[in-house]
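Since the structure comes first, as structure tokens, the remarks are kept for the end.
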């Protein structure tokens, strides 16, 4: 077990120069969305735009490829969830069960993926001493199975 | 996985296996004791379902076992709430019935055909053993001293506060819910500690099970978010918290929505909003943490300011919008009464009328928890000393549960687990301090437990760390006298505790309340079995479709034991229907009779304790009927009219005309005079002499009166053949046939014997 784990960590951290740390939560999209809104509110502040650009560049530079893939998946989930929500607001929530299970499937999957991303982040090694990467992935699968079982059961 | 499950057993440095085995044996013994102490009622009476609600659960379980799961799920019950019926499958918590159904089928599979009734009777004791085990697990998470876990298990096993709802035969939701409550908390603490999604998912699963079992799941729904919220406020946000809380919330909310009775409540009602809010908060905090690590500090502040503004504006707007448009349901009445104890009495008499919804009297705390009630604060204090994430949980739990237990008697049940945990922490730290420090060697190693057979963390360990003056390694209690005296005192207390628990269980909590016991002058036991006698009479002598009207307390029992349709029962989902019954009971005959006809009532059943001195009878509950019906028909029923001019509630000569003309009064005392010499009739519950002339009934006739007059059943007369009203018909009969009434009286006197 241990050697394998170490190999994996080194593989993830050996990706290009790391000026700043890779970090806990992902939510690349959420961050994109809310940062765009926040730029409206703090328009008076000159540096806000620079900060955002910095943030974006920093993210692009430091995040390993594999984590970016996870982030894209999460972005997709946010998009699907958002679409469902907009549909619900515009058209109506008639099959409410269906809407709810669809929406909570995306939310749940997003949260589980975020958890997976946090747990496998080498930064958080100290926090998750009992959780190896394989274990984190197994947990992820376990949680997703339960989630989708409930969703299918609830969808009517 | 297996290793992780066994891990709590294997703490300690010497004789790993021996200790593990010993601990397992102790736990099994505790579980055995927990089961055994709940069997008083079975031994003393018989294997019978107790009280009121369990009768419905029992009936539903029988239905489940006979008709299968799907028809149980879609069950529409036309034999209750006549003529409305009840969508039973969608308005109950199915966890309990499904659990016993599964046990029933497993036993059948093992070719051990056990009667479903016995499974139902013994389910609660069985689960109490599991509860003891769960409290061992949760306490072991709190401290390194496993003796605390064993003590907590023992406390949980025998404390009257828990036994009160889990004796054999008390087949109620709480029977399995307390186990689920404690176990869910254990899984949650495990999840927060490890930050593992698996423990979070397991928490969600057991939370779902809990939701399916008991309405008290709202307690978990609010306690876990509160814990997370307090941790965030303390600046203790960690990725572990994110993982555990998000996993629990996302899965747990979905799981809770699977139960038809709960349905969309988790996103609609205010009780669940805190969980949702904290979920959003956790996401935000996680996101902010993420951003903070991405950008330099200075820039981060600018960003944070903007973010906070936007989020504040958006969430306020959403809240106002949702509240105005009424998407979020207002708080339910039972919930209001938790905050304002006077609320229920004014607005919802039906909630206030239930005795277990009354505020707790202070002796009840001592009665139910005994010595633990004074160990409890000490244990909470010890939690403050260490104050890791899991200790914060215990502190919050203790504060909340104490408050709720003070508001409602019934919620003593949720307080009991945390009291057991805290008391075990306090006691084990005393025992550790006095028992374990055995060698004043300069080098402070983990000393080994001896006499009790427990491995214990040396309590001097943290004392040593906390104070400089105590860094001196030769600190501790080493003289045998002090050790012996303290340990002796603690042992005495514990033995007294066991005595108290056994006494309380045997005397207060083991009565089935369907069967009453009394002592004859010679000390032998006398069983008063009026309830079953009357219900059996109904079952044998009335057509299966005969509608029985009674006050709602007895609805479930009539459904379960007599198997006859009822008008109202303990489900109390329709206040108006109950008020209708209340109105029929508290009005004059001329008003009541049309109501009875409209509802197809064939028989009216009342409980009367006047002959025996049984105080839980309908005359004593009568004021609640009046109040509840006054809530719907204030112009027809007025509570004041039932009191005398001096504000007394009387049944004797001075009773008000309204009282004496009410159907309930008439039915209770009809022909009661015949039992006594003229003018001597006496009501033993209210200790008053009754009027010389008993009440006359014209619209119904007495059908059955049980041996001790506890249950009286009246048959509603059909319309008169000749078209007269009943009063004149009776008067006519009287005028012509005095002999016949005399004969009837004679016959009834025989039945009384």
- Message: Which of the numbered conditions does residue A:74 fail, given that it passes all the others? Conditions: (1) at the interface with chain B (Cβ under 10 Å from one of its Cβ atoms); (2) crowded, with 21+ Cβ neighbours inside 10 Å; (3) under 29 Å from residue A:63 (Cα atoms); (4) touching a residue at least 40 places away in the same chain (Cβ under 8 Å).
- Response: (1)
- Task: May I ask you to verify whether residue B:363 is modelled with pLDDT under 90 and outside any helix (DSSP H, G or I)?
- Result: no
- Task: Taking only region B:501-515 into account, find how many residues are touching a residue at least 40 places away in the same chain (Cβ under 8 Å) and out of contact with any helix residue (DSSP H, G or I) (no Cβ under 8 Å at 6 or more places or on another chain).
- Result: 1
- For residues that are within 13 Å of another protein chain (Cβ to nearest Cβ), surrounded by fewer than 20 Cβ atoms within 10 Å (Cβ to Cβ) and free of Cβ contacts under 8 Å to residues at least 60 places away in the same chain, tally how many sit in region B:266-278. 2
- Item | residue B:220 being assigned to a loop (DSSP other than H, G, I, E, B), under 20 Å from residue B:183 (Cβ atoms) and either within 11 Å of another protein chain (Cβ to nearest Cβ) or touching a residue at least 24 places away in the same chain (Cβ under 8 Å) (or both) | no
- Query: Is it the case that residue B:640 is in a loop (DSSP other than H, G, I, E, B), out of contact with any helix residue (DSSP H, G or I) (no Cβ under 6 Å at 6 or more places or on another chain) and in the same structural domain as residue B:587 (by TED's automatic domain parsing)?
  - Reply: no
- Given (1) in contact with a strand residue (DSSP E or B) (Cβ under 6 Å, 6 or more places away or on another chain); (2) assigned to a loop (DSSP other than H, G, I, E, B); (3) surrounded by fewer than 15 Cβ atoms within 10 Å (Cβ to Cβ), number of the condition residue B:526 does not satisfy: (2)
- Message: For region B:531-554, give me each residue that is over 20 Å from residue B:511 (Cα atoms) and under 26 Å from the mean Cα position of the chain (by Cα).
- Response: B:550, B:551, B:552
- Give the residues of region B:674-684 that are out of contact with any helix residue (DSSP H, G or I) (no Cβ under 7 Å at 6 or more places or on another chain) and not in a strand (DSSP E or B), sorted by residue number. B:676, B:677, B:678, B:679, B:680, B:684
- Message: residue B:337 - would you say it is modelled with pLDDT under 80, within 37 Å of the chain's Cα centre (by Cα) and within 14 Å of another protein chain (Cβ to nearest Cβ)?
- Response: no
- Query: Looking at A:107, A:131, A:111, which one is under 30 Å from residue A:64 (Cα atoms), free of Cβ contacts under 8 Å to residues at least 12 places away in the same chain and within 10 Å of chain B (Cβ to nearest Cβ)?
  - Reply: A:111
- Task: Please state which one of B:128, B:170 is in a helix (DSSP H, G or I) and touching a helix residue (DSSP H, G or I) at 6+ places or on another chain (Cβ under 9 Å).
- Result: B:128
- Message: Please determine whether any residue of region B:249-264 is in contact (Cβ under 8 Å) with a residue 24 or more places away in the chain and farther than 25 Å from residue A:145 by Cα.
- Response: no
- Message: Of all residues being in a helix (DSSP H, G or I) and more than 27 Å from residue B:78 (Cβ to Cβ) in region B:582-620, which is nearest to the chain's Cα centre (by Cα)? Just the residue, please.
- Response: B:620
- Query: Hey, among the residues in region B:648-665 that are under 35 Å from the mean Cα position of the chain (by Cα) and buried (at least 19 other Cβ atoms within 10 Å of the Cβ), which one's farthest from residue B:716 (Cα to Cα)?
  - Reply: B:651
- Message: Can you pull out every residue in region B:77-98 that is assigned to a loop (DSSP other than H, G, I, E, B) and modelled with pLDDT of 90 or more?
- Response: B:93, B:94
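The values are calculated or read from the model by the stated rules, or taken from the named source; none is laboratory data. It should be emphasised that the depicted structure is a prediction, and the values quoted were computed from it without experimental measurement. Ideal geometry is used to build each Cβ from the backbone, glycine not excepted, and the neighbour counts take in all protein chains shown.
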